[in-house]
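A.B. asks: Take a look at this one; I'll ask things after.
The values are calculated or read from the model by the stated rules, or taken from the named source; none is laboratory data. Note that this is a predicted model, so its numbers are computed, not measured. Ideal geometry is used to build each Cβ from the backbone, glycine not excepted, and the neighbour counts take in all protein chains shown.
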Amino acid sequence: MAKNNLSKIGIVLLIAGIGLLIWGINLYGAFGDKLARTFTGASTNETMVFLIAGAICTALGAIMLYKKQ
């Protein structure tokens with residue numbers, strides 16, 4: 001792959017990852033998640049998926065942008 005394409009993919013991953021993280025943080029503060037944490041002591045699976053996927057996409061995007069040699 002060309003360097004330019006890796007840069008574009010890195011930017012897309014970074015933006016998508018930040019979006020997923022923001023969405024996950026909003027879900028974490030939602031009433032349903034607070035209720036689930038009250039009774040089970042853990043967040044819902046949906047919230048965790050958004051937070052983990054967001055962290056992975058953000059990290060991969062940052063790495064791809066940093067290593068665009």
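A.B. asks: Scan segment 1-25 residue by residue and report those that are in contact (Cβ under 8 Å) with a residue 40 or more places away in the chain and among the small types (Gly, Ala, Ser).
C.D. replies: Applying the first criterion (in contact (Cβ under 8 Å) with a residue 40 or more places away in the chain) to segment 1-25 yields 3, 6-7, 9-18.
Of everything in segment 1-25, those that are in contact (Cβ under 8 Å) with a residue 40 or more places away in the chain and among the small types (Gly, Ala, Ser) turn out to be SER7, GLY10, ALA16, GLY17.
A.B. asks: Also, I was wondering about something else. Considering only segment 1-55, how many residues are within 15 Å of LYS67 (Cα to Cα) and assigned to a loop (DSSP other than H, G, I, E, B)?
C.D. replies: Residues in segment 1-55 being within 15 Å of LYS67 (Cα to Cα) and assigned to a loop (DSSP other than H, G, I, E, B): 2 in total.
A.B. asks: To continue, here is another question. What are the pairs, 6+ residues apart or on separate chains, where a residue within segment 26-37 that is within 13 Å of MET48 (Cβ to Cβ) and in contact (Cβ under 8 Å) with a residue 12 or more places away in the chain has its Cβ under 6 Å from a residue that is part of a helix (DSSP H, G or I) and among the polar types (S, T, N, Q)?
C.D. replies: Filtered contacts from segment 26-37: LEU27/THR47; TYR28/THR47; ASP33/THR47.
A.B. asks: Identify, please: which residue in segment 31-69 is closer than 30 Å to ASN4 by Cβ and of a type in the set (D, E, K, R) and is, among those, modelled with the lowest pLDDT?
C.D. replies: LYS68
A.B. asks: Restricting the search to segment 31-58, which residues are polar (S, T, N, Q) and in contact with a Leu (Cβ under 9 Å, 6 or more places away or on another chain)? Quick ask: steps written out before the conclusion?
C.D. replies: As a first pass, look at segment 31-58 and keep what is polar (S, T, N, Q): 38, 40, 43-45, 47, 58.
Result: SER43, THR44, THR47, THR58.
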